[in-house]
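Working notes, beginning with the structure itself.
Just so you know, all these numbers are worked out from the coordinates, no wet-lab data involved. Keep in mind the model is a prediction, meaning the values are calculated, not measured. Note that we place each Cβ from the backbone using ideal geometry, even for glycine, and neighbour counts take in every protein chain shown.
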């Protein structure tokens, strides 16, 4: 369609088929579709642009972004509750969704930064989980030592377990991160098809 123009896709009066398709998208997805079309118009490739793919990619990227943000809220909640293994698994799921955003979204650099952050989260949560496991082992050993009457060893193990829990909490995050993740959850109220 060599005669395709921005005016034909976004007419002043009435609505084009493309605008009707866009109406089913969230606000963020609509903006992505519009940005892709405007970029194609600017570089002279608007006539070759597959508009169905523009709509599909915008919808898929928006859905994946929303899913990643929801998973990050759940991740922060799990970490705040001390479930570092569960939080790491949620971070891995969020990263998978962010890779979809990278592939189909209009800002791959932003998605790559979010993926990098998810990788760092996973490393921190793995470290937190390791220290939490050490603390659990120390507590069990302290109970055994106390039962055997070795209260000095029991106390040392209990102190070490407390230190390990502090380290796990440092790596695992805190309740403030739940609020931060919830604030970053930018899901809008657009209509999903």
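Worth a mention:
- Mean separation of Cα pairs under 8 Å and 6 or more residues apart, divided by the residue count, gives the chain a relative contact order of 25 percent.
- Between 0 and 90°, nearest 10: helix 175-184 axis offset from the chain longest Cα axis: 0 degrees
- Annotation: the residues 53, 16, 62, sorted from fewest to most other C-beta atoms within 10 Å of their own C-beta, follow the order 53, 16, 62.
- Distance between modelled label sites at residue 159 and residue 3, nm, 7 Å Cα→Cβ extension: 8.7 nm
- Residues 56, 158 in ascending order of nearby Cβ atoms (within 10 Å, fewest first): 56, 158.
- Peptides 107-116, 122-131 ordered by average Cβ neighbours within 10 Å, highest first: 122-131, 107-116
- With a Förster radius of 22 Å applied to the beta-carbon distance between residue 133 and residue 96, the computed FRET efficiency rounds to 0.30.
- C-alpha long axis of helix 51-80 to longest principal axis of the chain, angle in °: 20 degrees
- Mean projected area in nm² (Cα convex hull; one quarter of hull surface) for the chain: 12.8 nm²
- Radius, Kirkwood style, for the stretch 61-147 when every pair of distinct Cα atoms is counted (Å): 14.0 Å
- Distance from the alpha carbon centroid of the stretch 1-78 to that of the stretch 148-163 works out to 60 angstrom.
- Between helix 151-172 and the chain: long-axis angle, C-alpha atoms, 0 to 90°, nearest 10: 10 degrees
- At R0 = 45 Å, FRET efficiency that the Cβ-Cβ distance of residue 120 and residue 150 yields, to 0.05: 0.65
- The order of 104, 93, going from fewest to most other C-beta atoms within 10 Å of their C-beta, is 93, 104.
- Its DSSP H runs of at least 4 residues, each contributing -39,500 (n - 2.57), put the calculated 222 nm mean residue ellipticity of the chain at -26500 deg cm²/dmol, to the nearest 500.
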